[in-house]
Amino acid sequence: MPQIIDGKAISGAIKDELKNKVEELKAEGIHICLAVIQVGSDPASSVYVGNKKKACAYIGIDSLAYELPAETTQEELLALVGELNARKDVNGILVQLPLPKHINEDEVIRAIDPRKDVDGFHPQSVGALCIGQPGFVSCTPAGIIQLLKRSGIEIAGRECVVIGRSNIVGKPMALLLLRENGTVTVTHSRTKDLKEVTRRADILVVAIGRPKMITREYVKEGAVVIDVGIHRDENNKLCGDVDYDDVAPVCSAITPVPGGVGPMTVAMLMYNCVESVLLQ
């Protein structure tokens, strides 16, 4: 049986550590505040925003919620971001993605003060990660590093393969594994002989966005498999990019869906909020 990497338990431990840290900061008169902006009422986004608010309440971080109608203009959204940038009592700003099609996501991300960019998406945050400078790291990849470390899985010197090259997961994931001294290969839709490449991996991170695509033919015996995907299957059950039942018997450790990577994203957002005070 593989080791089941329990994201719920690990994220709970991180939140408890942060709760203690926030209490210490409050004792010094330092309060932390996160502003969350949602444009429109995308159901998945509403669930994520709700989870973020709950996590803030648990840890002791103040949260401001801006729920804007779908027809909000780009100018109105940028004006709100500018206002929050200027507020001394707001430490972190998060604009929930995706945004409605008439709004340029890239411009909105660039408008956030990098010192308040708790999502880690601003070009300055990404650049800092590339060259090993301090800054915010995208929450999902940062959470995956914590899952590995806190599960006793060594990264240094291991062959690591990332499937997917998105700006939010694939690219920062590769950089973080490299920072931990892993030997990293990034694969994507144009990779030739994908199975051959993934079968070299000691640690396989799957962020391809296709339900149950990765079966045991892609996985080396004894590999660690991290599944970033989340979908609904034909029976409306949650599943990942990895065919869990097929892959679990051949690997040494695996993340389930749900309960693996998902809870870590919110925990690391909370971590970034606490870090924002130190950066500012």
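The values are calculated or read from the model by the stated rules, or taken from the named source; none is laboratory data. Model, not experiment: these values are computed from the prediction. Cβ atoms come from the backbone with ideal geometry, glycine included; neighbour counts cover every protein chain shown.
Observations, loosely collected:
- Count of residues meeting criterion [small (Gly, Ala, Ser) and surrounded by fewer than 17 Cβ atoms within 10 Å (Cβ to Cβ)] in region 110-134: 2
- Applying a threshold of 9 Å to beta carbon distances and a minimum spacing of six or more residues, or different chains, the list of pairs starting in region 76-93 at a residue that is under 18 Å from SER276 (Cβ atoms) and ending at one that is in a helix (DSSP H, G or I) and polar (S, T, N, Q) reads ASN91/SER276; GLY92/ASN272; GLY92/SER276; ILE93/ASN85.
- Tally, over region 230-250, of residues that are modelled with pLDDT under 95 and either not hydrophobic (A, V, I, L, M, F, W, C) or not assigned by TED's automatic domain parsing to the domain that holds ARG199 (or both): 7
- For region 157-182, filtered to residues that are part of a helix (DSSP H, G or I) and among the charged types (D, E, K, R), the residue that is nearest to LYS15 (Cα to Cα) is ARG179.
- Residue list for region 132-156, filter: more than 19 Å from PHE121 (Cβ to Cβ), assigned to a loop (DSSP other than H, G, I, E, B) and in contact (Cβ under 8 Å) with a residue 60 or more places away in the chain: SER151, ILE153
- Within the span defined as region 71-91, one or more residues are at pLDDT 95 or above and touching a Pro at 6+ places or on another chain (Cβ under 9 Å).
- Checked against (1) in contact (Cβ under 8 Å) with a residue 60 or more places away in the chain; (2) within 30 Å of GLY92 (Cβ to Cβ), VAL224 passes all but a single condition, namely (2).
- Test: residue in region 75-91 that is closer than 29 Å to GLY7 by Cβ and buried (at least 16 other Cβ atoms within 10 Å of the Cβ): yes
- Meets criteria (more than 22 Å from VAL137 (Cβ to Cβ) and buried (at least 16 other Cβ atoms within 10 Å of the Cβ)) for ALA207: no
- Residue in region 163-170 that is of a type outside the set (Ser, Thr, Tyr) and surrounded by fewer than 17 Cβ atoms within 10 Å (Cβ to Cβ) present: yes
- Residue check for LEU204: assigned by TED's automatic domain parsing to the domain that holds VAL161, touching a Lys or Arg at 6+ places or on another chain (Cβ under 9 Å) and farther than 16 Å from VAL162 by Cα: no
- Only listed residue being over 22 Å from CYS130 (Cα atoms) and under 18 Å from the mean Cα position of the chain (by Cα), chosen from VAL161, VAL225: VAL225
- One residue stands out among those in region 251-262 that are modelled with pLDDT of 95 or more and crowded, with 18+ Cβ neighbours inside 10 Å: the one that is nearest to ARG199 (Cα to Cα), which is CYS251.
- Any hit, region 209-228, residues being in a strand (DSSP E or B), under 22 Å from ALA267 (Cα atoms), touching a Gly at 6+ places or on another chain (Cβ under 7 Å) and of a type outside the set (Phe, Trp, Tyr): yes
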